[in-house]
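The values are calculated or read from the model by the stated rules, or taken from the named source; none is laboratory data. Only a predicted model underlies this, so the values are computations on that prediction, with no experimental measurement involved. Methodologically, a virtual Cβ is constructed for each residue, glycine included, from the backbone with ideal geometry; neighbour enumeration extends over all protein chains shown.
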Amino acid sequence: MAEEEIEMTKDPFTNEVPKHTLYKVRKELLKSEQYKSLSSEDDWIARGPNDVGGRTRALLVDIRDTTHNTLFAGSVSGGLWKCTNAQIDPIWERVETYLGNPSICSIVQDPANPEIIYLGTGEGFFNGDAYRGDGIYKSSDGGVNWSRLSSTNHGNFFYNQKLVINDEGDLFVATRGNGVMRSTTGGESWTPVLNNTNQGFSDRAADIEIAPDGTIFASMGLFTQDGLYRSKDGGIDWEYIELGIDSFERIEIAVSKTDTNAVLILVQEMENNAVGFVMTSSDGGDTWEQKRVPEKASGAPMAEGQAWYDMSAAIDPNDSNVYYVGGVDLYKSVNGGEGWRIVSSWFGGGGYPYVHADQHSIHFLGNSSDKAYFTNDGGLWFTENATEPRPDFRDLSGGYITTQYYACAIHPEFGKDYYIGGSQDNGSELINGPGLSSSVGLTGGDGAYCHIDQLDPNIQITSSQRGNYNVTTVGNFSEREGYSNPGDAYFINPTDYDDFTKTLYTSHNSNQYFWFDVLTGERDSVIINELNGDRVTALLASPIDSTILYLGTNNGIILKVTNPRQPIANAEVLFRGPGFTRNIDVDLSDPDRLLCTYSNFAIQSVYLSENGGDNWRSLEGNLPNIPVRWGVFNPSFPEEIIIATEVGVWITSTINSSVEWENISGNLGLGRVNMLKFRQSDFQMLAASYGKGMFTTNMFAKKGLQFEEDKIAIEINGDIVNESCDPISTESVKIFTSFPFDQDVEITVEADTASTAQEGVDFIINEPTVILPAGETEYNFEISVFDNATIETNKKLILNMTSPEEVLKGSVEVTLLENDQFFSDGVTGIAVNIGDDDRQTSSIFKGSFEDSKTQLLYTRDVLFTNRLNKGEIRKIFFDISRKLSTAEYKNLTISLGLTDKTSLTEIDTVTFLTEVYSGNFQTFEGINLIFLDTPFEYDGESGILMQVCFDNDEFSGDDFMFSTEVDYDAVFSVSNYGQVGCVETGFVLGTPFLPNFTFESFGISALYENTSTMFQSTLGDDEVAYFQTNDSILCSIAKLNSDNTDGCFTASLVSVSDEVVEENNAFWVDRIISISSDVTDDENFEVTYFMPLENSEFWQRPHIEALYTETILSPSSIPDWQSIPIISSYETDNYYSFTVKYQGEGSYGIGIADRTVNTSELVNNFDYDEIRYFDLLGREYKDLANQNTQRIGIYIKSYIKDKKIIKSEKILINQ
């Protein structure tokens, strides 16, 4: 990668990379009034990720904070950051006053004057993505303000590996260009004290440390062999230490903070670039002893192949025999290096805690043996129990936004927050939240070019180093196919994707490119002789004409290829430019306008053709001497060109002959930006910065009208108003324009015919046509939504907007969330489906692993939307859409817990989980059913966290379930091999695709108790209105016929003491319901109302009656009751239910209207055809109708009229 980056950016006349010029450019920009005004604007929105740190080598634990909670961290490309409250709840802030080089490799604080802090720039370990520095910076006010030391403004200080200060205040720096330099003047002047011409053999210093007695150790040699040196006189004289080893290069040094004699070194072996030697001294470096080299789990030596890049070491300040060392992972020795224990894993494997790969520094805090910070390619980590055999580690990088992106891709949907980026050593990540957000890891390695199909965004592509590709066609990378370039590939291999033909084009061998069809798997290489031996470095599949592919090369050739999937394609050379081609773009409004950029220093970097490539014009103008990384046409005004550079983002107009560039970076900053991507739906632009994450801007948005949201969910909670029977809730739907119009604009909103909600029945648009006044940017349409009491599914309302002006996003989908509660009788289970999409995922049943733990978060909002009510969950259903496993899942456990979480970004260890199922389980394609061993009590208010584990002793294939995409991190899984029980560490996967489950719950509705509330609803043909709220019910009314008319019913609770009242030879339960309506045909309606079990022993009689009076009672009035037939009744654990014919407006109750009537007559005071007998399970006993037959027991005696039960009573036969 290093060689490729040099080729990409070098000055072709000197073959040097003059990055020191970037400091001058930034400094001049910061002085300009134009840039100052931009810096205060927020045109760029930081997208993050805010949960992943970038590569970090420099860390300073501020000695002014005795709690060690204040830190300064230097990213290798993201500038300087300050962290407070680090060990508890880290708060990160970028040090905006530091305006220097963004690549920081070392920070040191003067122990005599802690207000003085120095930082060294430039990462000098020869990794290809390293930034070159431009000297050493100093702060004299505790890190608030910074300035570059003018004495370091030259090539000797381009790469400053390590800074240290001794007790006398002398400052030392290990440089890659001139060895060890020393300053006794606070950095004003320098003296080389150890290099190729002064006591050493190499100019490449790798490390420097100072022991407690002032002895200085320095190592020399990076990809060259030199050795270890020691100075006992403050760095004036140096002695070479003979280690007794051969064939080595880089040496990492650790000294004890408290033990002058303890020194530890890690030595890179020249042959395999791993750690070849571990050596210790217990006498201050006089003698040395070789120790065992820590080994990876595979048996290979630590830092295998890359000890030149990632080595770190530290000695416990209280025990000189305890060492921590790092390569890819972390290791610990408690016996002076005789034996080692792996204490972390970069992928969470082997039962070791996860710590990000590639360790760079270790810092014990003060004299603590337990607390230590670790820097690596993932930012900053911390432990507070380092003395434990297996320490715990915490990632402190949340908010430390330093991710280095090579490439990016944007979702085509208008306004959608969905971005993919390929990042250095953090793989390819998805950011899909508003504003500054966390990320979801998609694929690993060094993330590279990525693509989202702009016609079918379910097709997505990521890549990693050297041309390895992952493709999903279902929008979910847990289901993906892998491909590799069969030939040569750049470390970050250039690609482009054709949305029309579903073809990925990639750089390949000299004179060739490669393609593969992501749907069919077809692939081939194509030879282009016109490449003249060059390699392809830029590709553009024409977004206008799928038969055209544009190519750019490492030597500046621009070609147009027609029929690019043919074995021998036609190619035409359009241009021979001056350097390394970075990208090509085409104006979508005029395919003859082409743009190409070149990334070298000291050349003409930007060219435009307006006649299909026949002629080209340089757009260099006043652009500084900086590498250009990308260029695009402004889609809303194609006469403008926007470029990404080593110093932020710039824009120019091509209308005039003279070209004037303007920096528009603003809060994006003046660092390196690698790529820019637009989407056509709203012209939002995405920028991939190298060190500050991803950014978006809407500054190029079109003028036009749009709905604010794509989808809206309205929770219906209406109020009773005079003009409507059904309660009404009024909701607003916002329409806006990014830029105001100069004149009044008429806007009309109407419902699409595809809506399932009916206008006039479910909603009305209060004012369908309105005027947006000139100069205004938004208008809120009001929709009245009707809230009836019938049980209905959620309704979909699609609103379309029309206007004489341009409409950018003219449709919004509104979901009307019916708050209807299913009536729960405690006997019948209610099956509720959670999720209805058909995305296939294998996040739970990952049979390709032996062991897995998956947690699924069903938030309160998701459960409410799908109407899961309070009750016992006794069964779980799920649909296996595709089965690849060949063995059962052993020790399958399902656990459930209540939670208020809204996102799941890691395994939840806090929520209390109850194991509800355990056993071996064999899946099969289709619907699977699990009866829970222990019913789970859902409270109706919380979310549910589900955990599924299995512990197999073999692996086969995955099983796939249908899943639904949600707008939060919903699933987190850990999978591994050979672990016991619910796996703790392993391969992790996070996804927003929530598997579809059906929960069957059993609950009993409570009785409504509030006398101050009135219920009201329309009631149509064959409908039942349930007058209830939350989980309590007053009554229900059913219409029994179909006559195409609606009735309006009102119900309320008159009294609710539930006591027995006795007046005028009558008694009744003081729970009275009043009902009124506008219907005239009372015979076609039934009313069901409820009485509590409490006090029922005082009123329950064999011949209890339903009561009615045509008076709407008040709580204190004495009713004049008349008895009415009870059609049916039943008893639950909570209440009695009674169903009667609707008698008309009046009040309803339960009791006996006249106790002077002989009760034996009550049985026969209504017409019936026959009497039938049933047991309590509903089985009929016909012989009981014969009065000579006797069966001891309790039976239900039912009176039948017209083949319907019109009255039932419980009887006891005891003889």
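What to note about this one:
- Residue match in segment 524-542 (condition: over 16 Å from C408 (Cα atoms), within 26 Å of the chain's Cα centre (by Cα) and not in a strand (DSSP E or B)): no
- Hits in segment 320-357 - residues which are on the phi > 0 side of the Ramachandran plot and either at pLDDT below 95 or of a type in the set (V, I, T) (or both): G348, G350, G351
- Selection status of L932, among the aliphatic types (A, V, I, L, M) and within 30 Å of P49 (Cα to Cα): no
- One residue from G940, G897, G919 being in the same structural domain as V971 (by TED's automatic domain parsing), under 29 Å from D51 (Cα atoms) and of a type outside the set (D, E, K, R): G897
- Test: residue in segment 870-877 that is at pLDDT below 90, aromatic (F, W, Y) and more than 21 Å from the chain's Cα centre (by Cα): no
- Residue within segment 422-435 that is assigned by TED's automatic domain parsing to the domain that holds T645 and surrounded by fewer than 19 Cβ atoms within 10 Å (Cβ to Cβ) present: yes
- If you go through segment 363-392 and keep only what is in contact (Cβ under 8 Å) with a residue 60 or more places away in the chain and hydrophobic (A, V, I, L, M, F, W, C), you end up with F364, L365, F374, L380, F382, A386.
- Residue within segment 189-205 that is closer than 21 Å to W308 by Cα, assigned by TED's automatic domain parsing to the domain that holds D134, buried (at least 23 other Cβ atoms within 10 Å of the Cβ) and under 44 Å from the mean Cα position of the chain (by Cα) present: yes
- Filter result (surrounded by fewer than 22 Cβ atoms within 10 Å (Cβ to Cβ) and not in a strand (DSSP E or B)) within segment 686-713: N698, M699, F700, A701, K702, K703, G704, E708, E709, D710
- Residue check for E1062: outside the structural domain of G943 (by TED's automatic domain parsing) and modelled with pLDDT under 90: yes
- The one condition in (1) in contact with a helix residue (DSSP H, G or I) (Cβ under 8 Å, 6 or more places away or on another chain); (2) part of a loop (DSSP other than H, G, I, E, B) that N717 fails to fulfil: (1)
- Residue among I643, I626 that alone is in contact (Cβ under 8 Å) with a residue 40 or more places away in the chain, β-branched (V, I, T) and either in contact with a Lys or Arg (Cβ under 7 Å, 6 or more places away or on another chain) or part of a loop (DSSP other than H, G, I, E, B) (or both): I626
- Here K853 fits the description: modelled with pLDDT of 90 or more and over 29 Å from Y1026 (Cβ atoms).
- Residue list for segment 899-939, filter: among the aliphatic types (A, V, I, L, M) and in contact with a Leu (Cβ under 8 Å, 6 or more places away or on another chain): L904, L913, V916
For (1) of a type in the set (D, E, K, R); (2) within 19 Å of D425 (Cβ to Cβ); (3) crowded, with 24+ Cβ neighbours inside 10 Å, each residue gets a yes or a no:
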residue	(1), (2), (3)
S77	no, yes, yes
K82	yes, no, no
W92	no, no, no
P102	no, yes, yes
S106	no, no, yes
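- Test set (1) among the hydrophobic types (A, V, I, L, M, F, W, C); (2) at pLDDT 95 or above; (3) surrounded by fewer than 23 Cβ atoms within 10 Å (Cβ to Cβ); (4) in contact with a Lys or Arg (Cβ under 8 Å, 6 or more places away or on another chain) - F683 fails condition number: (2)
- Screening N600 on (1) within 37 Å of the chain's Cα centre (by Cα); (2) more than 20 Å from K19 (Cβ to Cβ) shows it passes everything except condition (2).
- Residue identified as in contact with a helix residue (DSSP H, G or I) (Cβ under 7 Å, 6 or more places away or on another chain) and within 22 Å of T597 (Cβ to Cβ) among T553, T495, T537, T506: T553
- Restricting segment 490-504 to residues that are within 18 Å of P457 (Cα to Cα) and among the aromatic types (F, W, Y), the residue that is farthest from the chain's Cα centre (by Cα): F500
- Some residue of segment 647-661 being under 28 Å from the mean Cα position of the chain (by Cα), part of a strand (DSSP E or B) and buried (at least 23 other Cβ atoms within 10 Å of the Cβ): yes
- For segment 1118-1135, filtered to residues that are of a type in the set (S, T, Y) and surrounded by 15 or more Cβ atoms within 10 Å (Cβ to Cβ), the residue that is nearest to G1003 (Cα to Cα) is T1132.
- Unmet criterion (only one of (1) among the acidic types (D, E); (2) more than 30 Å from D395 (Cα to Cα); (3) crowded, with 17+ Cβ neighbours inside 10 Å) for E925: (3)
- Among residues that are touching a Leu at 6+ places or on another chain (Cβ under 9 Å) and either β-branched (V, I, T) or within 17 Å of W381 (Cα to Cα) (or both), I104 is included.
- Test: residue in segment 396-406 that is in a strand (DSSP E or B), in contact (Cβ under 8 Å) with a residue 24 or more places away in the chain and hydrophobic (A, V, I, L, M, F, W, C): no
- For segment 464-495, the candidate set comprises residues that are hydroxyl-bearing (S, T, Y) and closer than 22 Å to I6 by Cα; within that set, the residue that is surrounded by the most Cβ atoms within 10 Å (Cβ to Cβ) is T495.
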